[in-house]
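Chemist: Sharing a structure below in structure tokens format, with a few things to ask.
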Amino acid sequence: MDIELTHVLKKYQNKVVVDIEKATFKSGKVYGVIGENGAGKTTLLKMIAGLEPYERGSIYYNGKCLEQTDLRRVTYLSQTPYMMQMSVYNNIAYPLKIRGFTDAQINSSVNAILDELQMDALANQMATQLSGGESQKVALARALVFNPEVLLLDEPTASIDQNTIKVIESTIAKRNREMHMTVITISHDRDQINRMCEEIVTMERGKSNVYSRHNHGE
Ligand SMILES: Nc1ncnc2c1ncn2[C@@H]1O[C@H](COP(=O)(O)OP(=O)(O)OP(=O)(O)O)[C@@H](O)[C@H]1O
Ligand SMILES: [Mg+2]
């Protein structure tokens with residue numbers, strides 16, 4: 001789905017943290033959000049996910065406002081993922097359970113994503129006892145398991161080893177290519193942004209600028 005922000009202003013107490021005149025995220029593209037600590041990147045993604053209110057302006061999803069949109073098609077992966085006190089398998093199965101999928105459907109979807117992210121060995125482990133990087137992978141699996149239309153990633157590979165980063169990047173690229181999943185990912189790793197994203201969003205003290213890498217000769 002296309003996402004369009006117009007005159008969006010967000011404050012915490014009296015401090016303006018996001019102030020965007022206009023920004024458009026086109027369906028099926030991969031966007032990389034870059035900017036310094038505190039620039040407003042996380043706040044931007046949370047607003048798009050409908051998790052954070054704002055003072056004025058609008059965000060439209062295929063021309064519709066939040067209330068008219070099925071936000072289950074949009075998923076936000078936090079910088080600090082939360083693991084439920086249950087096995088890895090059940091953490092990943094959870095979004096399907098609450099959506100009423102059958103056990104057989106759940107089983108095949110969860111096993112497929114465990115396999116894709118090369119984490120079958122973790123299936124029966126208690127999710128609350130995972131390492132930081134393992135938790136991030138489980139959170140990604142939980143986000144991807146119901147095939148979201150829009151995937152919002154907040155520094156998804158911040159504490160992930162090099163090999164696993166490759167697996168994660170290729171999983172995301174595959175979903176984008178085959179299912180036209182729109183991706184907006186925050187990263188401090190410029191090389192990663194260049195590998196994954198055609199479009200760059202720079203954030204500077206709450207202001208954004210969206211541009212296409214190809215028009216800048218990079
Ligand atoms: N719940 C909150 N209450 C008050 N201020 C907040 C809150 N969340 C964020 N802020 C402030 O809003 C600004 C933007 O925060 P945000 O988390 O969006 O930055 P960021 O660009 O994601 O930074 P980082 O790269 O460190 O993750 C920061 O100055 C932060 O202190
Ligand atoms: Mg952040």
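What follows is calculated from the coordinates using simple rules that are stated; it is not laboratory data. Predicted model, so just to flag it, every value in this text is computed and none were measured. Counting neighbours? That spans all protein chains shown, and the Cβs are built from the backbone with ideal geometry, glycine included.
Chemist: In segment 140-155, what residues are within 16 Å of ligand 1 (Cβ to nearest atom) and either out of contact with any strand residue (DSSP E or B) (no Cβ under 6 Å at 6 or more places or on another chain) or not in a loop (DSSP other than H, G, I, E, B) (or both)?
Modeler: Listed by number, the residues that qualify are L152, L153, D154.
Chemist: Can I ask one more? Does segment 210-217 include one or more residues that are under 18 Å from T75 (Cβ atoms) and part of a loop (DSSP other than H, G, I, E, B)?
Modeler: No: segment 210-217 contains no residue that is under 18 Å from T75 (Cβ atoms) and part of a loop (DSSP other than H, G, I, E, B).
Chemist: Ok, one more. Six or more apart or on different chains, Cβ under 8 Å: which pairs go from a residue in segment 6-19 that's under 13 Å from M47 (Cβ atoms) and touching a residue at least 40 places away in the same chain (Cβ under 8 Å) to one that's of a type in the set (F, W, Y) and more than 11 Å from ligand 1 (Cβ to nearest atom)? Could you list them?
Modeler: Between residues of segment 6-19 that are under 13 Å from M47 (Cβ atoms) and touching a residue at least 40 places away in the same chain (Cβ under 8 Å) and residues that are of a type in the set (F, W, Y) and more than 11 Å from ligand 1 (Cβ to nearest atom), the close pairs are T6/Y60; V8/Y54; L9/Y54; K10/Y54; V18/Y54.
Conditions (1) away from ligand 1 (no atom under 11 Å from the Cβ); (2) among the basic types (K, R), marked per residue:
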{"position": "D19", "(1), (2)": "yes, no"}
{"position": "K29", "(1), (2)": "yes, yes"}
{"position": "G35", "(1), (2)": "no, no"}
{"position": "G38", "(1), (2)": "no, no"}
{"position": "R56", "(1), (2)": "yes, yes"}
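Chemist: Any chance segment 158-165 includes a residue that's hydroxyl-bearing (S, T, Y) and either touching a strand residue (DSSP E or B) at 6+ places or on another chain (Cβ under 9 Å) or surrounded by 20 or more Cβ atoms within 10 Å (Cβ to Cβ) (or both)?
Modeler: No, segment 158-165 contains no residue that is hydroxyl-bearing (S, T, Y) and either touching a strand residue (DSSP E or B) at 6+ places or on another chain (Cβ under 9 Å) or surrounded by 20 or more Cβ atoms within 10 Å (Cβ to Cβ) (or both).
Chemist: Within segment 177-197, count every residue that is more than 16 Å from ligand 2 (Cβ to nearest atom) and either buried (at least 18 other Cβ atoms within 10 Å of the Cβ) or over 30 Å from E134 (Cβ atoms) (or both).
Modeler: Going through segment 177-197 one residue at a time, the tally reaches 5.
Chemist: Anything in segment 60-79 that is touching a residue at least 24 places away in the same chain (Cβ under 8 Å) and within 17 Å of the chain's Cα centre (by Cα)? List them, or say none.
Modeler: Within segment 60-79, Y61, R72, R73, V74, T75, Y76, L77, S78, Q79 qualify.
Chemist: I need a count of the residues in segment 162-196 that are in contact with a helix residue (DSSP H, G or I) (Cβ under 7 Å, 6 or more places away or on another chain) and outside any helix (DSSP H, G or I).
Modeler: Here the count works out to 6.
Chemist: Residue check, T6 against (1) within 16 Å of ligand 2 (Cβ to nearest atom); (2) over 20 Å from the mean Cα position of the chain (by Cα); (3) of a type in the set (V, I, T), all met but one. Which one?
Modeler: (1)
Chemist: So, one more: Before we move on, is T102 in contact with an Asp or Glu (Cβ under 6 Å, 6 or more places away or on another chain) and among the hydroxyl-bearing types (S, T, Y)?
Modeler: In short, no.
Chemist: Just one of P95, P156, P148 is touching a Leu at 6+ places or on another chain (Cβ under 9 Å) and either closer than 28 Å to I34 by Cβ or without any contact (Cβ under 8 Å) to a residue 60 or more places away in the chain (or both); which is it?
Modeler: Sole residue among the options that is touching a Leu at 6+ places or on another chain (Cβ under 9 Å) and either closer than 28 Å to I34 by Cβ or without any contact (Cβ under 8 Å) to a residue 60 or more places away in the chain (or both): P156.
Chemist: Here's something else I'd like to know. Among the hydrophobic types (A, V, I, L, M, F, W, C), away from ligand 1 (no atom under 16 Å from the Cβ) and either surrounded by fewer than 17 Cβ atoms within 10 Å (Cβ to Cβ) or more than 24 Å from A173 (Cα to Cα) (or both): which single residue out of L51, L130 fits that description? Walk me through how you get there before you give the answer.
Modeler: Numbers: L51 fails: away from ligand 1 (no atom under 16 Å from the Cβ).
Answer to the selection: L130.
Chemist: Looking only at segment 198-208, how many residues end up being among the polar types (S, T, N, Q) and either surrounded by fewer than 21 Cβ atoms within 10 Å (Cβ to Cβ) or without any contact (Cβ under 8 Å) to a residue 24 or more places away in the chain (or both)?
Modeler: Quick first cut of segment 198-208, residues among the polar types (S, T, N, Q) only: 202, 208.
From the residues that got through so far, the ones that are either surrounded by fewer than 21 Cβ atoms within 10 Å (Cβ to Cβ) or without any contact (Cβ under 8 Å) to a residue 24 or more places away in the chain (or both) too are 202.
The qualifying residues number 1.
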